[in-house]
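Participant: Before I ask anything, let me first share the structure, which is written out below as structure tokens.
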Amino acid sequence: MEALVKFVQDEFVARKELPDFSAGDTITVYYEIKEGNKTRTQFFRGVVIQRRGSGTSETFTIRKMSGSIGVERIFPVNLPALQKIEINKRGKVRRARIYYFRGLTGKKARIKERRR
């Protein structure tokens, strides 16, 4: 049964071409919001905390600071409202999931930039 679900997801769900990003990167996600019969584009800029899952059920979590309050948002990779993703800065971290980033404030919350 599990193989059948995976086959259907791989065949019929349209995959989006997204840039290659990982934990520690600062990205901007542009997504569409529908309010009544109007649609508008909104963006969410923050640091990638994690990428989870694989295939069509893959998600990524972004964290940003809004004033002094941390805001996290989980985006599915195959979200139809997702328009584009821009990579602003590549971060140098040694973990795939940087949950420790939630507890850091001030200068400690900076991530070194990875050079290519």
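The values are calculated or read from the model by the stated rules, or taken from the named source; none is laboratory data. The structure presented is a predicted model; accordingly, all values stated were derived computationally and were not measured. Backbone-built Cβ (ideal geometry, glycine too); neighbour counts: all protein chains shown. Areas reflect the complete protein model, heavy atoms only, side chains present, ligands, DNA and RNA absent. Shrake-Rupley method; radii C 1.70, N 1.55, O 1.52, S 1.80 Å.
Participant: Checking Arg15 against (1) in contact with a strand residue (DSSP E or B) (Cβ under 9 Å, 6 or more places away or on another chain); (2) over 26 Å from Gly106 (Cα atoms); (3) among the charged types (D, E, K, R); (4) surrounded by fewer than 14 Cβ atoms within 10 Å (Cβ to Cβ), which test does it fail?
Facilitator: Condition (1) is where Arg15 drops out.
Participant: Please work out which residue is farthest from the chain's Cα centre (by Cα), limiting yourself to the stretch 33-88 and to residues that are among the polar types (S, T, N, Q), open to solvent by less than 50 Å² (accessible area, probe 1.4 Å) and under 18 Å from Ala109 (Cα atoms).
Facilitator: Top of the filtered list is Gln50.
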